[in-house]
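The values are calculated or read from the model by the stated rules, or taken from the named source; none is laboratory data. None of these values were measured; they are calculated from a predicted model. Please note: Cβ atoms are built from the backbone with ideal geometry, for glycine as well, and neighbour counts cover all protein chains shown. SASA here: full protein model, heavy atoms, side chains in, ligands and nucleic acids out. Shrake-Rupley method; radii C 1.70, N 1.55, O 1.52, S 1.80 Å.
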Amino acid sequence: MRRTLNALGALICAALLGYAWYAQTALNLEPCPLCIFQRIGIAAVGVFFLAAAVHHPKRWGAGAYGTLIVLAALGTIGVAARHVWIQHLPEGAVPVCGATLNYMLDVFPLTDVIRKVLTGSGECAKVTWRFLGLSMPAWVLIASAGLGALGIQANFRTRR
């Protein structure tokens, strides 16, 4: 059961990243820096799920994979929550648009880039896509919480 649940988690992450790619290429929705960080978080969760499914460890190994999955999911939840918060700021409180992520990575140290991205910018406040009234970062937040719960179920609660 553990292997199946971990494989399911990896498949869900692949589907989320596949839709993000579709939204970018077919729907012409350019990702902001916070969106890119959320994609990295979902990819990390997916890699940990895949490694757990392939390795299929027993007790402490499953706990280690479960911990990695939950930590990556919590990081993604944090970034997505920050993004949703920025999207709900009043117009005058939204930070001004900043440099592109590629430019910042070329010019600044990685720690500065992470700090600048997490403070958000004007392009992160725009809501260009909704489903059932929720923006894409809100759906990433929900999906990350579900993936974290799946990681717990798969690696801490199952016996096999």
(message) If packing is taken as the average number of other Cβ atoms within 10 Å across a peptide's residues, how do 62-68, 18-24, 78-84 rank, most packed first?
(response) 78-84, 62-68, 18-24
(request) Can you check what the Kirkwood hydrodynamic radius comes to for the chain, Cα pairs only, in Å to one decimal? (result) 16.5 Å
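Roughly to the nearest percent, how much of the accessible area of the chain is carbon and sulfur, given a 1.4 Å probe?
So the carbon and sulfur contribution to the accessible surface is 67 percent.
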(request) Could you provide, to the nearest whole Å², the per residue accessible area of the chain with probe 1.4 Å? (result) 58 Å²
(request) Could you tell me which of ALA20, PRO31, ALA143 has its Cα farthest along the dipole of the chain towards the positive end, charges placed at Cβ (Lys, Arg +1; Asp, Glu -1), taken about the Cα centre? (result) ALA143
